[in-house]
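Everything on this sheet refers to the single structure shown next.
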Amino acid sequence: MENDRTTTAPSRLRAGFVGAGFMAEVHSRAARAAGAEIAGIASSSPSSAARAKDRLGAEQAYASVQDLIQDDGIDVIHVCTPNATHVAFAEAALKAGKHVVCEKPLATNVQDATHLVELAATARTVATVPFVYRFHPMVREAQARIASGQTGRISTIQGSYLQDWLLSRNDDNWRVDAGLGGPSRAFADIGSHLCDLLEFVSGDRIIRVGALSRTLFSGRAKHKDVQTEDLVAAVFATENGTVGSLLVSQVAPGRKNRLMIEISGSESTVQFDQESPETLWLGKRAGSQLLVRDPGALSPEAARLSVLPAGHPQGYQDAFNAFVADTYAAIDGELRAGLPTFRDGLRSAVLTESIVESSKCGEWVDVPGVNQLEGVQ
Ligand code: SOE
C-alpha cells in the first residue's frame, strides 16, 4: 500500500507490533505514550491478531507478519514474540527499511545476533533492545555517581535477579523449550537484564566467568524433557580488575522481579533494587543513607527520566516508556545517553554463550568483547 505521507508537518511515527502477548501490550502502551500511532499488529494467526487489535487499540490486524513488515505505511516494528523467532522477524523488518525494537534476548546465539548487528549497520535504521531497567532514574543516579568517581575505585560488583513464577514442576512456559527459547532460559531471559545493568552502571566489562547452573525438574507440565536451566550462579572478573558474582533464579519463592545490583568502591557502595525503584542505597563506612528519588537532587540523566514529581512513584512501565521515547528520539535523529542497541543485544548473546559453556565444562571461560567478534565493526 503506497503511503502518501508527504505532509510538511512532522508526521507521527506509525508503529507495528509482531506478537500478541503481554509484552506487545507493554510495548504498545509505551509507543502510544511516545506519541506514535498504533498502526497495526500481526500474530501467529489472523484471529489472534484480531483479538490483540482490540486489546492494544491498534488500527489494523494484519493477516500475516510479512504483510505488516512490508506495509510502507509502517515506520517501526516492535518484535514481541518468542526468542527463536526474533532473528527472522528482525531481519525481515531491517531489510524492509524499518526501524526495529526487538525484545531480548535479541537472538538465541552469537552468530544470529552478529548477523542482525551487521544488518542494522547496513540498513542505517535504529535498532534497539529493551534493556529497560537502565531507564529507572535511580539506576542513572547510581551510574552517574560511579562515573563521577564519587564511589571511588570499584572493588566488587554483585547482583541477582530472582523470580518464582517457575517454582513448581507444574509451572510451564514456551521459554522452557530450548527450541523456542534457546539453549539458556533463566540466564538468557533475566540474567541478560542483570548483566546489562551491571556493565552499564559500573562502566566495566565482564571478561571471565565461572558458572554453575541447575535444572530442578527433568520434566514440566507441557515439556517432558527439560534441558534449560532454572538457576545459575557465577563469579566473574572484569576488565578493570574487579571481582564479581551473580545469582539468577526463576525458582526463588516470594521473589517476583527482584533484580538487585550492589557495586562497592573505595569511598562508597551503591545498591539498587528493582522492586523498590524509587530509592538508591548509598553505603558508607560512616553515614550510609537511602536516597529517595527527588528530581531536584539528582544527576542530569536521572532528573531527565523523572517524569513525575517526588512522592509520585515511578515504575516499570515508566522505564519502558522512557526506553521507547528514547528509541523514537533516535529515529528522529536525537541519540540520547544509554540507549540499548542491537550491539548490546549481541553483548548479551556473547555473555549467555560464555555462561552456558562454563556451566557445561566446569571451567573458567574468557568472554570476548563485541569488537573482538568476527565481522562486527
Ligand atoms: C519473564 O521472566 C520476564 O517477563 C522477562 O522475559 C522480562 O524480560 C523481565 O523484564 C520480566 O520477566
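The values are calculated or read from the model by the stated rules, or taken from the named source; none is laboratory data. Remember, predicted model here, so these are calculated numbers, not experimental data. Using ideal geometry, Cβ is built from the backbone for each residue, glycine included, and neighbour counts are taken over all protein chains shown. Each accessible area value is taken on the protein alone, full model and side chains, heavy atoms only, with ligands, DNA and RNA left out. Shrake-Rupley method; radii C 1.70, N 1.55, O 1.52, S 1.80 Å.
Considered as a group, the residues in the stretch 85-109 that are open to solvent by less than 30 Å² (accessible area, probe 1.4 Å) and either within 16 Å of the ligand (Cβ to nearest atom) or in contact with a Pro (Cβ under 6 Å, 6 or more places away or on another chain) (or both) include one that is nearest to residue 185 (Cα to Cα), and that residue is 105. Candidates are the residues of the stretch 171-197 that are surrounded by 20 or more Cβ atoms within 10 Å (Cβ to Cβ) and without any contact (Cβ under 8 Å) to a residue 60 or more places away in the chain; the one that is farthest from residue 220 (Cα to Cα) is 177. The single condition among (1) modelled with pLDDT of 95 or more; (2) under 25 Å from residue 147 (Cβ atoms); (3) open to solvent by 40 Å² or more (accessible area, probe 1.4 Å) that residue 347 does not satisfy is (3). The number of residues in the stretch 145-154 that are of a type in the set (S, T, N, Q) and either outside the structural domain of residue 267 (by TED's automatic domain parsing) or open to solvent by less than 60 Å² (accessible area, probe 1.4 Å) (or both) comes to 1.
One residue is enough: does the stretch 312-332 have a residue meeting the conditions in a helix (DSSP H, G or I), touching a strand residue (DSSP E or B) at 6+ places or on another chain (Cβ under 9 Å) and more than 24 Å from residue 142 (Cβ to Cβ)? Yes, that holds for at least one residue. Just one of the listed residues (179, 219) is over 25 Å from residue 156 (Cβ atoms), away from the ligand (no atom under 16 Å from the Cβ) and in a helix (DSSP H, G or I), namely 179. Among residues of the stretch 234-287 being in a loop (DSSP other than H, G, I, E, B), more than 23 Å from the chain's Cα centre (by Cα) and surrounded by 17 or more Cβ atoms within 10 Å (Cβ to Cβ), the one that is nearest to the ligand (Cβ to nearest atom) is 242. Determine if the stretch 289-297 includes at least one residue that is in contact (Cβ under 8 Å) with a residue 40 or more places away in the chain and in a loop (DSSP other than H, G, I, E, B). The answer is yes, given that some residue of the stretch 289-297 is in contact (Cβ under 8 Å) with a residue 40 or more places away in the chain and in a loop (DSSP other than H, G, I, E, B).
Per the listing 129, 117, the residue uniquely closer than 14 Å to residue 347 by Cα, within 16 Å of the ligand (Cβ to nearest atom), buried (at least 24 other Cβ atoms within 10 Å of the Cβ) and β-branched (Val, Ile, Thr) is 129.
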